[in-house]
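Engineer: Here you go, one structure.
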């Protein structure tokens, strides 16, 4: 998994074994997260990695291509919480873990979270969103076949996805530090939603 890396004192990304493409991705993720789109310029990204613009063009086509790759990678990292939870204990565990990870992401990286939301609302979601929804719908279909899900899997997956987006939007709009009471409220909202959708109290 790719993660944002610490910066050296001189402001450049600590090289990852000479993998310039990966270094550019990490620099873009870092700058998008800390300074937003306006701060994640071609000049700033190249300066952190210690390369020139033609190198960025070679690996990502243009700045927009690099930004998209950084947003896709960020979404992948967050979405893995659902898959890890599902692999461990099934879809309900995955939904709960994924929801919690999305909220943690919103609190810890609000700039990047806003960018991801903006991409989705603009009709240009991270490329793996469709895969996530298909996977969730397939998992929910197993519950539906056993009579444990009250509604069609595809529509339920869409509803849960929109609920997660709403929760993220609410969180980043508050621009406040992580709040225990607020987290408890959002967890309660999720549990109320799951109770309305499923015929099981706990998986």
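Engineer: In 10 Å bins starting at zero, report the fraction of Cα pairs in the chain per bin as a rounded %.
Structural biologist: 8, 32, 30, 19, 8, 2
Engineer: Fewest first, what order do 80, 124, 48, 73 take by the number of other Cβ atoms within 10 Å?
Structural biologist: Listed from fewest to most nearby Cβ atoms, that is 124, 80, 73, 48.
Engineer: Report, in deg cm²/dmol and to the nearest 500, the calculated mean residue ellipticity at 222 nm for the chain, where each DSSP H run with n ≥ 4 adds -39500 (n - 2.57) and the sum is divided by the residue count.
Structural biologist: -24500 deg cm²/dmol, from helical runs alone.
Engineer: Tell me whether the stretch 31-137 comes out rounded, prolate or oblate; compute the Cα gyration tensor, take square roots of the eigenvalues as a ≥ b ≥ c, and use a/c under 1.5 as the rounded threshold.
Structural biologist: Because a/c hits 1.5 or more and a/b exceeds b/c, the stretch 31-137 counts as prolate.
Engineer: Rank the residues 99, 161 as a footprinting-exposure proxy: fewest other Cβ atoms within 10 Å of their Cβ go first.
Structural biologist: Listing 99, 161 from fewest to most nearby Cβ atoms yields 161, 99.
Engineer: Something else now. Suppose R0 equals 25 Å; then what is the FRET efficiency for residue 162 and residue 124 from their Cβ-Cβ distance, rounded to the nearest 0.05?
Structural biologist: Efficiency, rounded to the nearest 0.05: 0.90.
Engineer: By count of other Cβ within 10 Å, fewest leading, how are 67, 59 ordered?
Structural biologist: Ascending number of Cβ neighbours within 10 Å: 59, 67.
Engineer: Taking Cα centroids, how far is the stretch 124-156 from the stretch 22-84 in Å?
Structural biologist: One Cα centre to the other: 30 Å.
Engineer: Defining a contact as two alpha carbons under 8 Å apart and six or more residues distant in sequence, what relative contact order in percent does the stretch 75-197 show?
Structural biologist: It comes to 25 percent, rounded to a whole number.
Engineer: Rounded, prolate or oblate: which fits the stretch 83-169 when a ≥ b ≥ c are the square roots of the eigenvalues of the alpha-carbon gyration tensor, with rounded for a/c under 1.5 and prolate only if a/b beats b/c?
Structural biologist: Prolate, since a/c reaches 1.5 and a/b exceeds b/c.
Engineer: Test of understanding: what is the full-extension gain from residue 64 to residue 151, defined as 0.36 nm times their sequence separation minus their Cα-Cα distance?
Structural biologist: Extending this stretch completely gives an extra 27.4 nm.
Engineer: Compute the length gained on full extension between residue 47 and residue 184: take 0.36 nm times their separation in residues and subtract their Cα-Cα distance, giving the result in nm to one decimal.
Structural biologist: Gain in length upon complete extension: 45.1 nm.
Engineer: Could you tell me whether the stretch 122-203 comes out rounded, prolate or oblate from its Cα gyration tensor? Rule is a ≥ b ≥ c as square roots of the eigenvalues, rounded for a/c under 1.5, then prolate if a/b exceeds b/c, otherwise oblate.
Structural biologist: Oblate is the answer for the stretch 122-203, as a/c is 1.5 or above yet b/c matches or exceeds a/b.
Read-outs: derived from the displayed coordinates by stated rules, not from any lab. Just so you know, these numbers come straight off a predicted model, no measurement behind them. All Cβ positions, even for glycine, are placed from backbone atoms using ideal geometry, and neighbour counts span all protein chains on display.
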